[in-house]
Amino acid sequence: MPVSRRRWGWPTSGRRSARPATACRPGTATSRPGVTPNGRTPWRAPPPRILGISTYTETHNNGLHIARLAKAASPQTVVVIGGPHASVLYKEVALDPAVDVVVRGEGERTMLELAHCLIRGQGGLADVQGIAYQENGVLRTTAARPPIADLDELPYPARDLFPMQAYGYGNTVLASRGGCPFACHFCAVNNIWQGKRRFRSPESVLEEIVQVLVTTPMGGLNFADDTFTLDRRRVLEICKGLSRMRGPFPLRWRCATRVDLVDAELLREMRHAGCRSIQFGVEAGSQRILDAIGKRVRLEQVRRAVAMTLNYGIEVTCSFMFPHPEDTEETVRDQIRLMKELREIEGVSLTLAMTTPYPGTTYYERASELGLSILASDWQEYDAKHLVVATRHLTEERLQALLAEMVQEVGLQSALQANVAQPGAGSKTWPG
Ligand code: B12
Ligand code: SF4
């Protein structure tokens, strides 16, 4: 299937032209142009006009490191940074000397306009919606860009330009994007993706899947949506299309969702369409804690969804978090009990993520009100594998001891690589 990368005018030429007067300030790094501090060139000549970097909170320092190397090697290269971390903390990120432009939120159209501005000299930075940059030492922020209303307009990801074989996540297809109607206190989604959830049409999702199957070695498919079954009717339509697909190999896929967004009919159709694994965000083992973290699910719904899913031959991964702001010794032990109960069930795997107050979450914004003390001193520790908070009722020492107890009692591999591999599942921690 041909990939239409020109559906809304994706640029194909890179003609050089003068930079607009309001374009980014030149980089401040001053070492030998074309060479990084370790003496190597970071790219094959000539250096790129624009370097785009995407970061999560955990990878933000690495992103900045790359930006600095790039600036040292080629001060005229414009460094553009985007992604969940930069979108929320755009003011702070834009002030970094190695960063020229921060893209806030949805990036496709913003990047296209930026390229037109920086390479073709069309307009100035102030005309590009959804960015932040520094001009003569002053932070400039342009108006927020309205979300793309029709996601079907977007070309499919250019997987052919990406070394997919270097990554172990299989083939990923995204069917929706945007904010979420729920508001779990640990999740940054609503802050990153301002606005309502928007869905691609089932036809567009199916067409992309066909393209993936035709162009890349079959490695199973992941739906990367945080809550794949948010729109039940649409999932049924996708399943209908997938069930009709006939190929040389059977299609196998996985997704993540909430326990209150599955039912028997939906699960039956999903299984029929090739779904072999669902990740549910369970988070805690005490109803009081689930209510306190804004999860809006009941423990009965957890048990029911897990049993129903297994009943249709779909494996289940239950993801948990530790610690929760209102945790006490008792609620942690409730969580240990639920984790043990679930792990006894054949077909169930568990994952455990350390609660992390990512920028954009309620935990980040209301940390002291919620009694959270931040233990981390570096964004690199925000990887959900380190204990980075102490809570109102439990000190760091108590939390470490309870974590060790949880790892031991539940049979987790370790606190850092905290997943129980029951039926061969990898450690994947999606929200949902
Ligand atoms: C799928 C997913 C994963 C998958 C990724 C699979 C894959 N191969 O794609 C897996 C399971 C691996 C994963 C892992 C983790 N994830 Co995750 N993940 C998601 C999820 C659900 C969707 C991400 C996605 O594909 N978005 C779609 C793309 C199109 O959006 P995007 O990447 O944000 O990019 C857009 C803009 O941000 C912008 N943009 C981004 N980069 C750039 C760069 C430039 C130059 C420009 C111009 C624009 C731009 O333009 C893009 C297009 O519009 C999001 C939640 C969400 N709904 O966004 C969480 C989310 C991104 N994950 C999150 C977290 C915390 C993690 C983990 C730390 C979890 C853990 N417990 O270990 C790990 C870290 C992984 C790592 N080290 O990189 C957080 C990030 C919060 C933060 N501030 O860092 C999110 C937001 C969920 C949450 N809890 O709030 N994740
Ligand atoms: S964790 Fe899932 S359900 Fe909760 S707000 Fe985030 S995306 Fe929505």
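Just so you know, in segment 222-238 the residues that are surrounded by fewer than 21 Cβ atoms within 10 Å (Cβ to Cβ) and not small (Gly, Ala, Ser) include one that is nearest to ligand 1 (Cβ to nearest atom), and it is ASP231.
From ARG104, ARG109, grab the single residue that is surrounded by fewer than 20 Cβ atoms within 10 Å (Cβ to Cβ) and of a type outside the set (A, V, I, L, M, F, W, C). First the steps, then the outcome.
Details: ARG104 fails: surrounded by fewer than 20 Cβ atoms within 10 Å (Cβ to Cβ).
Within the list ARG104, ARG109, the selection yields ARG109.
Every residue, every condition in (1) more than 24 Å from the chain's Cα centre (by Cα); (2) more than 13 Å from ligand 2 (Cβ to nearest atom); (3) over 18 Å from LEU352 (Cβ atoms); (4) free of Cβ contacts under 8 Å to residues at least 24 places away in the same chain, yes or no:
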site	(1), (2), (3), (4)
SER286	yes, yes, no, no
ARG296	no, no, yes, no
LEU299	yes, yes, no, no
LEU310	yes, yes, yes, no
THR317	no, yes, no, no
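When segment 249-265 is filtered for residues that are buried (at least 21 other Cβ atoms within 10 Å of the Cβ) and out of contact with any Cys (no Cβ under 8 Å at 6 or more places or on another chain), the ones remaining, listed by number, are ALA256, THR257, ARG258, VAL259, VAL262. ALA256 passes every criterion in (1) over 18 Å from GLU315 (Cβ atoms); (2) in a strand (DSSP E or B) apart from (1). In segment 166-183, what count of residues is obtained for those that are touching a Gly at 6+ places or on another chain (Cβ under 9 Å) and not in a loop (DSSP other than H, G, I, E, B)? Residues in segment 166-183 being touching a Gly at 6+ places or on another chain (Cβ under 9 Å) and not in a loop (DSSP other than H, G, I, E, B): 1 in total. Figure legend. Inter-residue proximity from segment 71-96: first residues within 19 Å of MET111 (Cβ to Cβ), second residues among the acidic types (Asp, Glu) and more than 9 Å from ligand 1 (Cβ to nearest atom), beta-carbon distance below 7 Å, spacing 6+ or different chains. Indicated pairs: VAL78/ASP100; VAL79/ASP100; VAL80/ASP100. Considering segment 184-220, and only residues there that are of a type in the set (Gly, Ala, Ser) and part of a loop (DSSP other than H, G, I, E, B), the residue that is nearest to ligand 1 (Cβ to nearest atom) turns out to be ALA188.
From the list LEU95, LEU89, LEU112, the lone residue that is within 9 Å of ligand 1 (Cβ to nearest atom) and in the same structural domain as HIS60 (by TED's automatic domain parsing) is LEU89.
The values are calculated or read from the model by the stated rules, or taken from the named source; none is laboratory data. What you see is a predicted model, and the numbers here were worked out from it, not measured in a lab. Virtual Cβ from ideal backbone geometry, glycine too; neighbours counted across all protein chains shown.
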